[in-house]
Amino acid sequence: MGNAEEERALHEQRLGPVVRRRHQMRPGTTDQRLLDTQGATHWVHEDPFRVMRIQSEFVEGFGTLAELGRAISVFGSARTPEGSPEYEAGVRIGRALAEAGFGVITGGGPGAMEAANRGASEAGGVSVGLGIELPYEQGLNRYVDIGVNFRYFFVRKTMFVKYAQGFVVLPGGLGTLDECFEALTLVQTKKVTRFPIVLFGSAYWKGLVDWLTHTLIAEGKASPQDLELFHLTDDIDEVVDLVTKESGGI
């Protein structure tokens, strides 16, 4: 080994595919740190370890839902009170989808999500809840038959899209809007195909549709044909007809 190679070896550390030099070098080896039970534990909160957690969530989600069959994701507010007209509509929609041969996927929480799960479960359909870790822990509602809890929103959102043939969006808040606009964007940019999006409750959604029409599109921020990316209805039979027709039937 020549002087130049010796000097470089003294200031270079190879850790698998990673090369560290000069002041970026770390003491010890990867195996040593792995086997050192007395070492620091902060690594479980660092990004490389998070990648493994993210991977494991994808694997669990894919493995659990791969054989789900045809399903519709139903979104709506966790704050919808039981017994309210919106809750009862959610139950009827969940039941109608199950009777049409669809599984029902929700966020697994209370309110409108519980309503849709309840309708599907009581009709003998497949009732799925995809929960999320939140500061105010709510758990999965009692009508969920298959439940998966996630740490990461983006993993959970992938499952909502990947294993559904369409979205039904009940009145809801920021989370519901997030899911709705993500679906609209995926369809608009052709990241997904044949993906019906149905907004249920014209009185609730009318203001949003008016804003899309008279502000967003009027100012050129979207195209008039983007209004065709979704349907607005108050008719539960129409909900089922739309998701059945646009998702290619059952």
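The values are calculated or read from the model by the stated rules, or taken from the named source; none is laboratory data. Since we're looking at a predicted model, the values are computed, not measured. Heads up, the Cβs are rebuilt from the backbone with ideal geometry, glycines too, and the neighbour counts pull from every protein chain shown. Please note that ligands, DNA and RNA were not included when accessible areas were found on the heavy atoms of the full protein model with its side chains. Shrake-Rupley method; radii C 1.70, N 1.55, O 1.52, S 1.80 Å.
Odds and ends about this structure:
- Number of Lys-Lys pairs in region 100-211 with C-alpha atoms under 24 Å apart and a separation of 8 or more places or on different chains: 4.
- Qualifying trypsin sites (Lys or Arg not before Pro) for region 102-166 [loop in DSSP, other Cβ within 10 Å: at most 14]: R142, R151
- For the residues T176, T64, a 1.4 Å probe over the protein chains yields an accessible-area ranking, largest first, of T64, T176.
- Couplings 3J(HN,Hα) of region 165-170, computed from phi: 9, x, 10, 10, 10, 8 Hz, in residue order, whole Hz [Karplus 6.51 cos²θ - 1.76 cosθ + 1.60, θ = phi - 60°; x for Gly and Pro].
- Compared with the alpha-carbon gap, the fully stretched path from E82 to V19 is longer by 16.9 nm at 0.36 nm per residue.
- Computed with every protein chain present, the accessible area of D237 is close to 110 Å² [probe 1.4 Å].
- Multiplying the residue separation of D210 and E246 by 0.36 nm and removing their Cα-Cα distance gives an extension gain of 10.5 nm.
- Close amide H partners of N149, meaning residues 5 or more places away or on another chain with modelled amide H under 5 Å apart, are G131.
- Measuring nothing but how far apart in sequence close Cα pairs (under 8 Å, 6+ apart) lie, relative to its length, region 96-250 scores a relative contact order of 19 percent.
- A cut-off of 5 Å between modelled amide H atoms, ignoring neighbours fewer than 5 places along the same chain, links A164 with no other residue.
- Whole-Hz ³J(HN,Hα) from phi, Karplus 6.51 cos²θ - 1.76 cosθ + 1.60, for region 224-232, glycine and proline x: x, 5, 5, 5, 7, 6, 9, 10, 10
- Here the 3J(HN,Hα) profile of region 74-79, calculated from phi with Karplus coefficients 6.51, -1.76 and 1.60 at θ = phi - 60°, is 10, 10, x, 5, 6, 9 Hz, Gly and Pro shown as x.
- Neighbour-limited loop hits for GluC sites (Glu not before Pro), region 161-250 (at most 15 other Cβ within 10 Å; DSSP other than H, G, I, E, B): E219
- Fully extending the segment from E46 to I146 would add 32.9 nm, taking 0.36 nm per residue of separation and subtracting the current Cα-Cα distance.
- Annotation: amide H of L232 within the under-5 Å range of L199, sequence separation 5 or more or interchain, hydrogens built in the peptide plane.
- What a 1.4 Å probe finds exposed on region 114-250 is 53% carbon and sulfur by accessible area, rounded to a whole percent.
- Loop trypsin sites (Lys or Arg not before Pro), region 183-250, which have at most 14 other Cβ atoms in a 10 Å radius of their Cβ (DSSP): K190, K191, R194, K221
- Protein-only accessible surface order, largest first, of H214, H23 at 1.4 Å: H23, H214
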